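I have a structure here, written as structure tokens, and I will follow up with some questions on it.
The values are calculated or read from the model by the stated rules, or taken from the named source; none is laboratory data. Everything quoted here is computed from the prediction, not taken from an experiment. Please note: Cβ atoms are built from the backbone with ideal geometry, for glycine as well, and neighbour counts cover all protein chains shown. Note: accessible area is taken over every heavy atom of the protein model, side chains too, but ligands, DNA and RNA are not part of it. Shrake-Rupley method; radii C 1.70, N 1.55, O 1.52, S 1.80 Å.
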Amino acid sequence: QVQLVESGGGLVQAGGSLRLSCAASRSIASINFMDWYRQAPGKQREHGATIGSSGATDYADIVKSRFTIYRDIGKNMIYLQMNSLKPEDTAVYYCAARPDERSYWGEGTQVPVSS
């Protein structure tokens, strides 16, 4: 099992930046994939970014070039650096871990972006 706790959310103005953090309860070095998802009000949860155990990253088109996912293996932390935020980025952001065929989720952190 993996417990995940997100932090770093909060109100930000459009054009601003924010860094989200995700603390894992165990070593992330061997976790196949870790992800950031988001869910906007009234919408389905959608993928934002993924980092694999090799360090390879993947991004949804809507956040590519603005968001960066990275990790600190020594601290068992995953981060999402978000730049050039837009009001449409307003959502609850969730961290997820996929060590195998199972997925584990945090409870999310809210990011409201004001125009």
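For the stretch 69-79, state whether one or more residues are out of contact with any His (no Cβ under 9 Å at 6 or more places or on another chain), small (Gly, Ala, Ser) and modelled with pLDDT of 95 or more.
Within the stretch 69-79, the first condition is being out of contact with any His (no Cβ under 9 Å at 6 or more places or on another chain), and the residues that meet it are 69-79.
Subsequent filtering for residues that are small (Gly, Ala, Ser) retains 74.
Pick out the ones that are also modelled with pLDDT of 95 or more and you get 74.
Yes, some residue in the stretch 69-79 is out of contact with any His (no Cβ under 9 Å at 6 or more places or on another chain), small (Gly, Ala, Ser) and modelled with pLDDT of 95 or more.
Need a quick list: strands (runs of 3 or more DSSP E) entirely within the stretch 29-109 having at least 3 residues that are without any contact (Cβ under 8 Å) to a residue 60 or more places away in the chain. Give the steps one after another, and end with the answer.
Numbers: elements: 33-39, 46-52, 57-59, 67-72, 77-82, 91-98.
In the stretch 29-109, 46-52, 57-59, 67-72 are the strands (runs of 3 or more DSSP E) which contain 3 or more residues that are without any contact (Cβ under 8 Å) to a residue 60 or more places away in the chain.
Another question about this same structure. Considering only the stretch 9-18, I want to know if a residue exists there that is out of contact with any Ser or Thr (no Cβ under 6 Å at 6 or more places or on another chain), open to solvent by 70 Å² or more (accessible area, probe 1.4 Å), more than 13 Å from Gln110 (Cα to Cα) and touching a residue at least 24 places away in the same chain (Cβ under 8 Å).
The initial filter retains those residues of the stretch 9-18 that are out of contact with any Ser or Thr (no Cβ under 6 Å at 6 or more places or on another chain), namely 10-12, 15-18.
Filter once more, keeping what is open to solvent by 70 Å² or more (accessible area, probe 1.4 Å): 11.
Next cut, more than 13 Å from Gln110 (Cα to Cα) only: none.
No, that holds for no residue.
Please tell me if Arg38 is more than 14 Å from the chain's Cα centre (by Cα) and among the charged types (D, E, K, R).
Values: more than 14 Å from the chain's Cα centre (by Cα): no; among the charged types (D, E, K, R): yes.
No.
Could you count how many residues in the stretch 56-85 are charged (D, E, K, R) and surrounded by 15 or more Cβ atoms within 10 Å (Cβ to Cβ)?
So the first thing to find is which residues in the stretch 56-85 are charged (D, E, K, R), and the list is 58, 61, 64, 66, 71-72, 75.
Among the residues that remain, those that are also surrounded by 15 or more Cβ atoms within 10 Å (Cβ to Cβ) are: 66, 71.
Adding up the residues that qualify gives 2.
Right, next: Just checking, does the stretch 87-100 include any residue being exposed (fewer than 15 other Cβ atoms within 10 Å of the Cβ), within 22 Å of Gly10 (Cα to Cα), at pLDDT 95 or above and not acidic (Asp, Glu)? Don't jump to the end; show me each part of the working.
Within the stretch 87-100, the subset exposed (fewer than 15 other Cβ atoms within 10 Å of the Cβ) is 87-88, 100.
Those still in the list that are within 22 Å of Gly10 (Cα to Cα) too: 87-88.
From what is left, the residues that are at pLDDT 95 or above are 87-88.
Those left that are additionally not acidic (Asp, Glu): 87.
Yes: the stretch 87-100 contains one or more residues that are exposed (fewer than 15 other Cβ atoms within 10 Å of the Cβ), within 22 Å of Gly10 (Cα to Cα), at pLDDT 95 or above and not acidic (Asp, Glu).
While we're on this one: So is Ser25 modelled with pLDDT of 95 or more and under 19 Å from Ser115 (Cα atoms) or not?
Numbers: modelled with pLDDT of 95 or more: yes; under 19 Å from Ser115 (Cα atoms): no.
Answer is no for this residue.
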